[in-house]
Protein chains: 2
Amino acid sequence: VRHRLCVGVLGGMGPEATADFYAKLVAETPSARDQDHLRVLIDGDPSVPDRSAGIEGSGESPGPHLARMARGLVAMGAELLVMPCNSAHAFEAEIRGAIGAVPFLSLIDATVAATLEAVPGVRRVGLLATDGTLRARVYADGFAAAEIEALAPDAADQRTVMEAIYDVKRGRGRARPRSALVAVAGRLAAAGAEAVIAACTEVPLVLASGDVVVDGRTVPVISSTDALVARTIAAAMSDSDTD
Amino acid sequence: VRHRLCVGVLGGMGPEATADFYAKLVAETPSARDQDHLRVLIDGDPSVPDRSAGIEGSGESPGPHLARMARGLVAMGAELLVMPCNSAHAFEAEIRGAIGAVPFLSLIDATVAATLEAVPGVRRVGLLATDGTLRARVYADGFAAAEIEALAPDAADQRTVMEAIYDVKRGRGRARPRSALVAVAGRLAAAGAEAVIAACTEVPLVLASGDVVVDGRTVPVISSTDALVARTIAAAMSDSDTD
(Lines give C-alpha, C1' and ligand atoms only; values in the text may rest on other atoms or scores of the structure.)
Protein backbone atom coordinates (compact mmCIF):
# COMPACT_ATOMS: atom_id res chain seq x y z
CA VAL A 1 0.00 0.00 0.00
CA ARG A 2 1.37 3.40 -0.94
CA HIS A 3 1.73 5.65 2.07
CA ARG A 4 -0.13 8.94 1.65
CA LEU A 5 1.11 11.97 3.53
CA CYS A 6 -1.03 13.49 6.27
CA VAL A 7 -1.67 17.12 5.31
CA GLY A 8 -1.38 19.81 7.99
CA VAL A 9 -3.11 23.13 7.32
CA LEU A 10 -2.10 26.41 8.95
CA GLY A 11 -5.55 27.95 8.75
CA GLY A 12 -7.90 30.62 9.97
CA MET A 13 -6.42 33.36 7.76
CA GLY A 14 -9.27 33.91 7.08
CA PRO A 15 -11.50 31.12 8.35
CA GLU A 16 -13.75 31.17 5.26
CA ALA A 17 -10.75 30.81 2.95
CA THR A 18 -9.58 27.81 5.01
CA ALA A 19 -13.03 26.20 4.81
CA ASP A 20 -13.02 26.83 1.04
CA PHE A 21 -9.57 25.20 0.72
CA TYR A 22 -10.68 22.13 2.72
CA ALA A 23 -13.94 21.72 0.75
CA LYS A 24 -12.05 21.92 -2.55
CA LEU A 25 -9.36 19.52 -1.32
CA VAL A 26 -12.07 16.97 -0.48
CA ALA A 27 -13.92 17.55 -3.76
CA GLU A 28 -10.77 17.18 -5.89
CA THR A 29 -9.36 14.08 -4.18
CA PRO A 30 -10.03 10.98 -6.31
CA SER A 31 -12.23 8.81 -4.10
CA ALA A 32 -15.00 6.25 -4.08
CA ARG A 33 -15.44 6.08 -0.28
CA ASP A 34 -14.44 7.93 2.92
CA GLN A 35 -11.34 5.79 3.36
CA ASP A 36 -9.85 6.96 0.00
CA HIS A 37 -9.48 10.54 1.26
CA LEU A 38 -6.38 12.16 2.71
CA ARG A 39 -6.01 12.70 6.42
CA VAL A 40 -6.13 16.46 6.93
CA LEU A 41 -5.27 18.22 10.19
CA ILE A 42 -6.42 21.83 10.35
CA ASP A 43 -5.45 24.43 12.89
CA GLY A 44 -7.98 27.14 12.10
CA ASP A 45 -6.56 29.83 14.33
CA PRO A 46 -8.05 33.26 13.64
CA SER A 47 -5.93 34.84 16.39
CA VAL A 48 -2.81 34.93 14.19
CA PRO A 49 -1.71 38.59 14.22
CA ASP A 50 -2.71 40.62 11.16
CA ARG A 51 -0.34 39.74 8.30
CA SER A 52 -0.36 43.07 6.48
CA ALA A 53 0.35 44.99 9.71
CA GLY A 54 3.19 42.59 10.53
CA ILE A 55 4.73 43.01 7.08
CA GLU A 56 4.48 46.79 7.27
CA GLY A 57 5.98 46.80 10.73
CA SER A 58 2.97 48.58 12.20
CA GLY A 59 1.89 45.50 14.20
CA GLU A 60 3.17 42.35 15.87
CA SER A 61 4.89 39.87 13.52
CA PRO A 62 2.82 36.73 12.99
CA GLY A 63 6.03 34.71 12.41
CA PRO A 64 6.46 33.19 15.90
CA HIS A 65 2.73 32.35 16.08
CA LEU A 66 2.89 30.59 12.68
CA ALA A 67 6.03 28.68 13.74
CA ARG A 68 4.19 27.41 16.85
CA MET A 69 1.17 26.35 14.76
CA ALA A 70 3.48 24.48 12.36
CA ARG A 71 5.21 22.61 15.19
CA GLY A 72 1.84 21.71 16.72
CA LEU A 73 0.57 20.25 13.45
CA VAL A 74 3.74 18.18 13.03
CA ALA A 75 3.39 16.95 16.63
CA MET A 76 -0.18 15.84 15.76
CA GLY A 77 1.12 13.80 12.81
CA ALA A 78 1.22 16.17 9.83
CA GLU A 79 3.80 15.10 7.24
CA LEU A 80 3.29 17.92 4.74
CA LEU A 81 2.28 21.49 5.61
CA VAL A 82 0.31 24.02 3.60
CA MET A 83 -1.06 27.48 4.40
CA PRO A 84 -3.99 28.85 2.36
CA CYS A 85 -3.08 32.50 3.02
CA ASN A 86 -0.85 34.39 0.59
CA SER A 87 0.16 37.29 2.86
CA ALA A 88 1.38 34.88 5.55
CA HIS A 89 3.94 33.50 3.07
CA ALA A 90 6.05 36.55 3.88
CA PHE A 91 6.86 34.52 7.05
CA GLU A 92 7.53 31.24 5.22
CA ALA A 93 11.17 31.11 6.38
CA GLU A 94 10.10 31.11 10.04
CA ILE A 95 7.69 28.25 9.37
CA ARG A 96 10.28 26.19 7.50
CA GLY A 97 12.79 26.88 10.26
CA ALA A 98 10.39 25.41 12.84
CA ILE A 99 9.66 22.05 11.18
CA GLY A 100 13.02 20.61 10.16
CA ALA A 101 12.72 18.15 7.28
CA VAL A 102 8.91 18.20 7.06
CA PRO A 103 8.00 19.68 3.66
CA PHE A 104 6.11 22.97 3.39
CA LEU A 105 4.36 23.47 0.03
CA SER A 106 4.47 27.10 -1.00
CA LEU A 107 1.19 28.62 -2.14
CA ILE A 108 3.20 31.18 -4.13
CA ASP A 109 5.18 28.53 -6.04
CA ALA A 110 1.97 26.57 -6.68
CA THR A 111 0.25 29.65 -8.09
CA VAL A 112 3.18 30.63 -10.35
CA ALA A 113 3.31 27.06 -11.69
CA ALA A 114 -0.47 26.98 -12.24
CA THR A 115 -0.25 30.28 -14.14
CA LEU A 116 2.42 28.88 -16.48
CA GLU A 117 0.25 25.79 -17.08
CA ALA A 118 -2.92 27.78 -17.72
CA VAL A 119 -1.36 30.46 -19.93
CA PRO A 120 1.71 29.00 -21.68
CA GLY A 121 4.22 31.67 -22.68
CA VAL A 122 2.63 34.27 -20.42
CA ARG A 123 4.80 37.41 -20.03
CA ARG A 124 2.71 39.69 -17.85
CA VAL A 125 0.14 39.09 -15.10
CA GLY A 126 -1.90 41.32 -12.81
CA LEU A 127 -2.05 40.81 -9.03
CA LEU A 128 -5.12 40.98 -6.82
CA ALA A 129 -3.47 40.77 -3.43
CA THR A 130 -3.31 42.45 -0.04
CA ASP A 131 -1.03 45.42 0.63
CA GLY A 132 1.13 43.09 2.72
CA THR A 133 1.55 40.51 -0.05
CA LEU A 134 2.53 43.26 -2.49
CA ARG A 135 4.92 44.89 -0.07
CA ALA A 136 6.55 41.55 0.81
CA ARG A 137 7.12 41.04 -2.96
CA VAL A 138 6.41 37.31 -2.69
CA TYR A 139 4.64 37.26 -6.07
CA ALA A 140 6.82 39.89 -7.73
CA ASP A 141 9.87 37.75 -6.94
CA GLY A 142 8.17 34.43 -7.72
CA PHE A 143 7.00 35.60 -11.14
CA ALA A 144 10.30 37.38 -11.90
CA ALA A 145 12.09 34.04 -11.44
CA ALA A 146 9.90 32.74 -14.29
CA GLU A 147 10.60 35.90 -16.33
CA ILE A 148 7.05 37.14 -15.90
CA GLU A 149 6.24 40.72 -15.03
CA ALA A 150 3.71 41.12 -12.21
CA LEU A 151 1.61 44.29 -12.38
CA ALA A 152 0.08 45.74 -9.23
CA PRO A 153 -3.00 47.97 -9.36
CA ASP A 154 -2.46 51.71 -9.00
CA ALA A 155 -2.87 53.22 -5.54
CA ALA A 156 -6.59 53.99 -5.85
CA ASP A 157 -7.37 50.55 -7.28
CA GLN A 158 -5.27 48.89 -4.55
CA ARG A 159 -7.42 50.60 -1.92
CA THR A 160 -10.45 49.15 -3.71
CA VAL A 161 -8.89 45.67 -3.62
CA MET A 162 -8.25 45.93 0.14
CA GLU A 163 -11.82 47.11 0.74
CA ALA A 164 -13.15 44.17 -1.29
CA ILE A 165 -11.01 41.65 0.64
CA TYR A 166 -12.19 43.02 3.99
CA ASP A 167 -15.79 43.03 2.73
CA VAL A 168 -15.42 39.31 2.06
CA LYS A 169 -13.92 38.73 5.51
CA ARG A 170 -16.85 40.60 7.07
CA GLY A 171 -19.26 38.29 5.22
CA ARG A 172 -21.38 41.18 3.95
CA GLY A 173 -22.46 39.62 0.67
CA ARG A 174 -20.67 38.91 -2.56
CA ALA A 175 -22.02 41.40 -5.08
CA ARG A 176 -20.13 44.52 -4.01
CA PRO A 177 -16.64 42.97 -3.63
CA ARG A 178 -17.12 41.01 -6.87
CA SER A 179 -17.96 44.06 -8.96
CA ALA A 180 -15.09 46.02 -7.39
CA LEU A 181 -12.59 43.25 -8.16
CA VAL A 182 -13.94 42.78 -11.70
CA ALA A 183 -13.35 46.48 -12.38
CA VAL A 184 -9.77 46.42 -11.06
CA ALA A 185 -9.02 43.17 -12.92
CA GLY A 186 -10.30 44.73 -16.12
CA ARG A 187 -7.92 47.68 -15.74
CA LEU A 188 -5.00 45.32 -15.07
CA ALA A 189 -5.89 43.44 -18.28
CA ALA A 190 -6.17 46.71 -20.19
CA ALA A 191 -2.65 47.54 -18.94
CA GLY A 192 -1.35 44.34 -20.50
CA ALA A 193 -1.98 41.56 -18.00
CA GLU A 194 -2.65 38.31 -19.86
CA ALA A 195 -3.98 36.70 -16.69
CA VAL A 196 -5.19 37.97 -13.34
CA ILE A 197 -3.86 36.26 -10.21
CA ALA A 198 -6.32 35.81 -7.35
CA ALA A 199 -3.34 36.16 -5.02
CA CYS A 200 -5.35 36.35 -1.81
CA THR A 201 -7.47 33.35 -0.75
CA GLU A 202 -10.47 35.63 -0.13
CA VAL A 203 -10.49 36.66 -3.81
CA PRO A 204 -11.54 33.28 -5.31
CA LEU A 205 -14.52 33.30 -2.93
CA VAL A 206 -16.05 36.00 -5.13
CA LEU A 207 -14.09 36.12 -8.43
CA ALA A 208 -13.83 33.25 -10.93
CA SER A 209 -12.62 32.62 -14.45
CA GLY A 210 -15.19 34.03 -16.83
CA ASP A 211 -15.88 37.08 -14.65
CA VAL A 212 -13.26 39.27 -16.36
CA VAL A 213 -13.94 40.14 -20.02
CA VAL A 214 -12.02 42.95 -21.75
CA ASP A 215 -12.76 43.94 -25.37
CA GLY A 216 -14.61 40.65 -25.89
CA ARG A 217 -11.64 38.63 -24.59
CA THR A 218 -12.04 36.52 -21.44
CA VAL A 219 -9.05 37.07 -19.16
CA PRO A 220 -8.06 33.95 -17.17
CA VAL A 221 -8.31 34.29 -13.40
CA ILE A 222 -5.79 32.04 -11.65
CA SER A 223 -7.03 30.94 -8.23
CA SER A 224 -4.24 30.55 -5.69
CA THR A 225 -6.58 28.32 -3.66
CA ASP A 226 -7.17 25.94 -6.58
CA ALA A 227 -3.44 25.91 -7.35
CA LEU A 228 -2.60 24.89 -3.78
CA VAL A 229 -5.36 22.25 -3.73
CA ALA A 230 -3.98 20.57 -6.86
CA ARG A 231 -0.37 20.66 -5.63
CA THR A 232 -1.34 19.38 -2.20
CA ILE A 233 -3.19 16.36 -3.58
CA ALA A 234 -0.35 15.57 -6.00
CA ALA A 235 2.32 15.85 -3.30
CA ALA A 236 0.37 13.89 -0.65
CA MET A 237 -0.54 11.05 -3.02
CA SER A 238 2.75 10.70 -4.87
CA ASP A 239 5.04 10.17 -1.92
CA SER A 240 7.38 7.32 -2.77
CA ASP A 241 7.48 5.78 0.72
CA THR A 242 5.45 2.63 1.12
CA ASP A 243 4.13 1.09 4.30
CA VAL B 1 -12.05 39.56 27.74
CA ARG B 2 -14.28 36.54 27.80
CA HIS B 3 -12.40 33.35 27.06
CA ARG B 4 -13.83 31.45 24.10
CA LEU B 5 -13.35 27.71 23.97
CA CYS B 6 -11.16 26.19 21.28
CA VAL B 7 -13.33 23.73 19.33
CA GLY B 8 -11.91 20.31 18.43
CA VAL B 9 -13.59 18.41 15.59
CA LEU B 10 -13.42 14.65 15.19
CA GLY B 11 -13.81 14.72 11.42
CA GLY B 12 -13.43 12.87 8.16
CA MET B 13 -16.65 10.85 8.57
CA GLY B 14 -17.15 11.70 5.78
CA PRO B 15 -14.75 14.43 4.74
CA GLU B 16 -17.36 16.41 2.81
CA ALA B 17 -19.68 16.47 5.82
CA THR B 18 -16.79 17.77 7.95
CA ALA B 19 -16.01 20.50 5.41
CA ASP B 20 -19.72 21.41 5.36
CA PHE B 21 -19.76 21.63 9.17
CA TYR B 22 -16.66 23.86 9.24
CA ALA B 23 -17.98 26.18 6.51
CA LYS B 24 -21.29 26.56 8.33
CA LEU B 25 -19.56 27.13 11.67
CA VAL B 26 -17.55 29.96 10.11
CA ALA B 27 -20.59 31.43 8.36
CA GLU B 28 -22.75 31.37 11.51
CA THR B 29 -20.16 32.81 13.91
CA PRO B 30 -20.91 36.49 14.61
CA SER B 31 -17.82 38.29 13.28
CA ALA B 32 -16.55 41.46 11.68
CA ARG B 33 -12.93 40.32 11.15
CA ASP B 34 -10.78 37.17 11.22
CA GLN B 35 -9.90 37.65 14.88
CA ASP B 36 -13.58 37.41 15.96
CA HIS B 37 -13.80 33.77 14.87
CA LEU B 38 -13.40 30.69 17.03
CA ARG B 39 -10.22 28.65 16.97
CA VAL B 40 -11.13 25.33 15.40
CA LEU B 41 -8.88 22.26 15.36
CA ILE B 42 -9.97 19.59 12.90
CA ASP B 43 -8.70 16.04 12.64
CA GLY B 44 -10.17 15.01 9.31
CA ASP B 45 -9.28 11.34 9.48
CA PRO B 46 -11.03 9.28 6.83
CA SER B 47 -9.30 6.09 8.02
CA VAL B 48 -11.70 5.70 10.97
CA PRO B 49 -13.14 2.18 10.58
CA ASP B 50 -16.62 2.00 9.03
CA ARG B 51 -19.16 2.98 11.69
CA SER B 52 -22.08 0.85 10.48
CA ALA B 53 -19.90 -2.28 10.25
CA GLY B 54 -18.54 -1.60 13.74
CA ILE B 55 -22.05 -1.24 15.18
CA GLU B 56 -23.26 -4.41 13.47
CA GLY B 57 -20.22 -6.33 14.71
CA SER B 58 -19.19 -7.25 11.15
CA GLY B 59 -16.09 -5.01 11.24
CA GLU B 60 -13.53 -3.48 13.56
CA SER B 61 -14.95 -1.12 16.20
CA PRO B 62 -14.04 2.53 15.54
CA GLY B 63 -14.18 3.24 19.29
CA PRO B 64 -10.44 3.03 20.09
CA HIS B 65 -9.58 5.08 16.98
CA LEU B 66 -12.07 7.80 17.97
CA ALA B 67 -10.71 7.84 21.53
CA ARG B 68 -7.16 8.40 20.18
CA MET B 69 -8.38 11.23 17.92
CA ALA B 70 -10.13 12.88 20.87
CA ARG B 71 -7.02 12.69 23.06
CA GLY B 72 -4.90 14.14 20.22
CA LEU B 73 -7.24 17.11 19.78
CA VAL B 74 -7.20 17.82 23.51
CA ALA B 75 -3.38 17.62 23.48
CA MET B 76 -3.40 20.22 20.65
CA GLY B 77 -5.48 22.59 22.78
CA ALA B 78 -9.12 21.70 22.13
CA GLU B 79 -11.37 22.64 25.06
CA LEU B 80 -14.69 21.40 23.63
CA LEU B 81 -15.11 18.44 21.27
CA VAL B 82 -17.71 17.82 18.59
CA MET B 83 -18.12 15.10 15.96
CA PRO B 84 -20.20 15.82 12.84
CA CYS B 85 -21.05 12.15 12.24
CA ASN B 86 -24.22 10.65 13.66
CA SER B 87 -23.32 6.95 13.37
CA ALA B 88 -20.08 7.49 15.28
CA HIS B 89 -22.10 8.66 18.29
CA ALA B 90 -22.71 4.98 19.03
CA PHE B 91 -19.14 5.18 20.39
CA GLU B 92 -19.66 8.39 22.37
CA ALA B 93 -18.93 6.69 25.70
CA GLU B 94 -15.44 5.67 24.56
CA ILE B 95 -14.74 9.25 23.45
CA ARG B 96 -15.95 10.73 26.73
CA GLY B 97 -13.93 8.15 28.63
CA ALA B 98 -10.76 9.31 26.87
CA ILE B 99 -10.98 13.05 27.58
CA GLY B 100 -11.70 13.40 31.29
CA ALA B 101 -13.41 16.69 32.08
CA VAL B 102 -13.24 18.16 28.57
CA PRO B 103 -16.83 18.56 27.34
CA PHE B 104 -18.11 16.60 24.34
CA LEU B 105 -21.21 18.13 22.71
CA SER B 106 -23.54 15.40 21.46
CA LEU B 107 -24.81 15.80 17.91
CA ILE B 108 -27.80 13.64 18.88
CA ASP B 109 -28.78 15.86 21.83
CA ALA B 110 -28.30 18.97 19.66
CA THR B 111 -30.57 17.56 16.95
CA VAL B 112 -33.31 16.49 19.39
CA ALA B 113 -33.24 19.97 20.96
CA ALA B 114 -33.33 21.66 17.54
CA THR B 115 -36.35 19.53 16.59
CA LEU B 116 -38.26 20.60 19.69
CA GLU B 117 -37.44 24.25 18.94
CA ALA B 118 -38.43 24.01 15.27
CA VAL B 119 -41.65 22.01 15.80
CA PRO B 120 -43.03 22.76 19.28
CA GLY B 121 -45.21 19.95 20.61
CA VAL B 122 -43.94 17.47 18.02
CA ARG B 123 -44.99 13.86 18.79
CA ARG B 124 -43.59 11.88 15.88
CA VAL B 125 -40.55 12.30 13.58
CA GLY B 126 -39.05 10.30 10.71
CA LEU B 127 -35.36 9.35 10.59
CA LEU B 128 -33.08 9.51 7.57
CA ALA B 129 -30.03 7.77 8.99
CA THR B 130 -27.54 4.99 8.34
CA ASP B 131 -28.29 1.37 9.26
CA GLY B 132 -25.70 1.75 12.02
CA THR B 133 -27.34 4.82 13.54
CA LEU B 134 -30.73 3.08 13.53
CA ARG B 135 -29.32 -0.14 14.97
CA ALA B 136 -27.45 1.73 17.72
CA ARG B 137 -30.80 3.38 18.64
CA VAL B 138 -29.08 6.71 19.41
CA TYR B 139 -32.01 8.70 17.97
CA ALA B 140 -34.75 6.30 19.04
CA ASP B 141 -33.55 6.65 22.65
CA GLY B 142 -32.84 10.40 22.38
CA PHE B 143 -36.31 11.16 21.06
CA ALA B 144 -38.02 8.70 23.45
CA ALA B 145 -36.54 10.65 26.35
CA ALA B 146 -38.45 13.67 24.98
CA GLU B 147 -41.59 11.52 24.52
CA ILE B 148 -41.28 11.67 20.74
CA GLU B 149 -41.73 8.60 18.58
CA ALA B 150 -39.00 8.16 15.94
CA LEU B 151 -40.14 6.31 12.79
CA ALA B 152 -37.59 4.46 10.66
CA PRO B 153 -38.23 3.78 6.96
CA ASP B 154 -39.36 0.28 6.01
CA ALA B 155 -36.66 -2.17 4.88
CA ALA B 156 -36.84 -1.30 1.18
CA ASP B 157 -36.81 2.44 1.85
CA GLN B 158 -33.91 2.04 4.29
CA ARG B 159 -31.88 0.37 1.51
CA THR B 160 -32.69 3.42 -0.63
CA VAL B 161 -31.46 5.74 2.13
CA MET B 162 -28.17 3.84 2.45
CA GLU B 163 -27.67 3.96 -1.34
CA ALA B 164 -28.32 7.70 -1.33
CA ILE B 165 -25.82 8.29 1.51
CA TYR B 166 -23.12 6.29 -0.27
CA ASP B 167 -23.92 8.11 -3.55
CA VAL B 168 -23.18 11.37 -1.73
CA LYS B 169 -19.94 9.95 -0.29
CA ARG B 170 -18.91 8.88 -3.81
CA GLY B 171 -19.51 12.46 -5.03
CA ARG B 172 -21.52 11.33 -8.04
CA GLY B 173 -23.86 14.26 -8.26
CA ARG B 174 -26.75 15.43 -6.16
CA ALA B 175 -29.87 14.81 -8.24
CA ARG B 176 -30.23 11.06 -7.75
CA PRO B 177 -29.67 10.93 -3.97
CA ARG B 178 -31.88 14.00 -3.49
CA SER B 179 -34.87 12.53 -5.33
CA ALA B 180 -34.43 9.21 -3.50
CA LEU B 181 -34.37 10.91 -0.10
CA VAL B 182 -37.32 13.17 -0.98
CA ALA B 183 -39.39 10.07 -1.83
CA VAL B 184 -38.52 8.28 1.42
CA ALA B 185 -39.09 11.46 3.45
CA GLY B 186 -42.51 11.83 1.83
CA ARG B 187 -43.49 8.30 2.87
CA LEU B 188 -42.31 8.96 6.45
CA ALA B 189 -44.46 12.10 6.51
CA ALA B 190 -47.43 10.18 5.09
CA ALA B 191 -46.94 7.68 7.94
CA GLY B 192 -47.33 10.50 10.46
CA ALA B 193 -43.92 12.12 10.81
CA GLU B 194 -44.36 15.84 11.55
CA ALA B 195 -40.67 16.48 10.78
CA VAL B 196 -37.94 14.57 9.00
CA ILE B 197 -34.57 14.32 10.73
CA ALA B 198 -31.48 14.53 8.49
CA ALA B 199 -29.79 12.22 10.99
CA CYS B 200 -26.69 11.59 8.90
CA THR B 201 -24.38 14.50 8.06
CA GLU B 202 -24.35 13.48 4.38
CA VAL B 203 -28.14 14.02 4.15
CA PRO B 204 -28.14 17.84 4.56
CA LEU B 205 -25.64 18.02 1.68
CA VAL B 206 -28.53 17.15 -0.65
CA LEU B 207 -31.80 17.60 1.27
CA ALA B 208 -33.06 20.88 2.74
CA SER B 209 -36.20 22.31 4.28
CA GLY B 210 -38.65 23.00 1.48
CA ASP B 211 -37.73 19.83 -0.43
CA VAL B 212 -40.37 17.67 1.24
CA VAL B 213 -44.00 18.56 0.46
CA VAL B 214 -46.85 16.13 1.24
CA ASP B 215 -50.47 16.97 0.38
CA GLY B 216 -49.51 20.61 -0.05
CA ARG B 217 -47.90 20.73 3.40
CA THR B 218 -44.16 21.47 3.68
CA VAL B 219 -42.59 19.01 6.11
CA PRO B 220 -39.69 20.52 8.12
CA VAL B 221 -36.30 18.88 7.55
CA ILE B 222 -34.11 19.17 10.66
CA SER B 223 -30.42 19.25 9.76
CA SER B 224 -28.22 17.55 12.33
CA THR B 225 -25.28 19.56 10.96
CA ASP B 226 -27.02 22.89 11.48
CA ALA B 227 -28.12 21.81 14.96
CA LEU B 228 -24.53 21.00 15.95
CA VAL B 229 -23.20 24.25 14.43
CA ALA B 230 -25.63 26.33 16.51
CA ARG B 231 -24.88 24.44 19.72
CA THR B 232 -21.13 24.58 19.15
CA ILE B 233 -21.09 28.35 18.70
CA ALA B 234 -23.32 28.86 21.72
CA ALA B 235 -21.21 26.61 23.93
CA ALA B 236 -17.84 27.97 22.77
CA MET B 237 -18.87 31.62 23.16
CA SER B 238 -20.81 31.35 26.42
CA ASP B 239 -18.10 29.79 28.55
CA SER B 240 -18.12 31.58 31.89
CA ASP B 241 -14.34 31.51 32.37
CA THR B 242 -12.60 34.80 31.72
CA ASP B 243 -8.97 35.44 31.01
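Here the condition is being touching a helix residue (DSSP H, G or I) at 6+ places or on another chain (Cβ under 6 Å), in contact (Cβ under 8 Å) with a residue 12 or more places away in the chain, more than 17 Å from A:Val26 (Cβ to Cβ) and more than 9 Å from every other protein chain (Cβ to nearest Cβ); of B:Glu79, B:Glu94, it holds for B:Glu94 alone.
Among the residues making up the range A:1-26, those that are at the interface with another protein chain (Cβ under 7 Å from one of its Cβ atoms) and open to solvent by 20 Å² or more (accessible area, probe 1.4 Å) are A:Glu16, A:Ala23. Which members of the range A:28-52 meet the condition of being of a type outside the set (Asp, Glu), in contact with a Gly (Cβ under 9 Å, 6 or more places away or on another chain), facing chain B (nearest Cβ under 7 Å) and not in a loop (DSSP other than H, G, I, E, B)? Hits for the range A:28-52 are A:Val40, A:Leu41, A:Ile42, A:Gly44. Tallying residues that are in contact (Cβ under 8 Å) with a residue 40 or more places away in the chain and out of contact with any helix residue (DSSP H, G or I) (no Cβ under 6 Å at 6 or more places or on another chain) within the range A:97-108 yields 1. Within the range A:192-214, residues that are within 18 Å of A:Ala227 (Cα to Cα) reach partners that are among the hydroxyl-bearing types (Ser, Thr, Tyr) and in a strand (DSSP E or B) with beta carbons closer than 7 Å, at six or more positions or on different chains, in the pairs A:Ala198/A:Ser223; A:Pro204/A:Ser223; A:Gly210/A:Thr218. When residues in the range B:27-53 are screened for being in contact (Cβ under 8 Å) with a residue 60 or more places away in the chain and crowded, with 24+ Cβ neighbours inside 10 Å, 1 of them pass. Here A:Ser61 qualifies as without any contact (Cβ under 8 Å) to a residue 60 or more places away in the chain, closer than 22 Å to A:Asp141 by Cα and either facing another protein chain (nearest Cβ under 10 Å) or assigned to a loop (DSSP other than H, G, I, E, B) (or both).
Mind listing just one residue for me: the one in the range A:160-207 that is away from chain B (no Cβ under 14 Å), of a type in the set (Val, Ile, Thr) and within 17 Å of the chain's Cα centre (by Cα) and, of those, farthest from B:Ala23 (Cα to Cα)?
Here the residue is A:Val196.
With the structure loaded, tell me whether B:Gly72 is within 28 Å of B:Val161 (Cα to Cα), small (Gly, Ala, Ser) and in contact with a strand residue (DSSP E or B) (Cβ under 8 Å, 6 or more places away or on another chain) or whether it fails that test. In short, no.
Do we have A:Ala90 as in a loop (DSSP other than H, G, I, E, B), at pLDDT 95 or above and on the phi < 0 side of the Ramachandran plot here? Criteria not met by A:Ala90.
Could you tell me whether the range B:122-130 includes any residue that is in a loop (DSSP other than H, G, I, E, B), within 28 Å of B:Thr218 (Cβ to Cβ), of a type outside the set (Val, Ile, Thr) and open to solvent by less than 60 Å² (accessible area, probe 1.4 Å)? Yes, that holds for at least one residue. The conditions of being open to solvent by 20 Å² or more (accessible area, probe 1.4 Å), closer than 30 Å to B:Arg4 by Cβ and within 14 Å of chain B (Cβ to nearest Cβ) are not met by A:Met69. Across the range A:138-184, what is the total count of residues that are of a type in the set (A, V, I, L, M), open to solvent by 70 Å² or more (accessible area, probe 1.4 Å) and within 24 Å of A:Val122 (Cβ to Cβ)? Here the count works out to 1. Just one of the listed residues (A:Glu79, A:Glu56) is open to solvent by 40 Å² or more (accessible area, probe 1.4 Å) and at pLDDT 95 or above, namely A:Glu79. Note on the range A:139-184: residues that are among the charged types (D, E, K, R) and in contact with a Gly (Cβ under 6 Å, 6 or more places away or on another chain) amount to 1.
Take the conditions (1) open to solvent by less than 60 Å² (accessible area, probe 1.4 Å); (2) hydrophobic (A, V, I, L, M, F, W, C); (3) without any contact (Cβ under 8 Å) to a residue 40 or more places away in the chain; (4) under 24 Å from B:Ala140 (Cα atoms); B:Cys85 misses just one of them, which is (3).
The set of residues in the range B:227-241 being open to solvent by 80 Å² or more (accessible area, probe 1.4 Å) and in contact (Cβ under 8 Å) with a residue 24 or more places away in the chain consists of B:Arg231, B:Asp241.
The values are calculated or read from the model by the stated rules, or taken from the named source; none is laboratory data. These figures come from a predicted structure and were not determined experimentally. Positions of Cβ are generated from backbone atoms using ideal geometry, with glycine treated the same way; all protein chains shown enter the neighbour counts. Remember, those area values only see protein heavy atoms, side chains included, never the ligands or the DNA or RNA. Shrake-Rupley method; radii C 1.70, N 1.55, O 1.52, S 1.80 Å.
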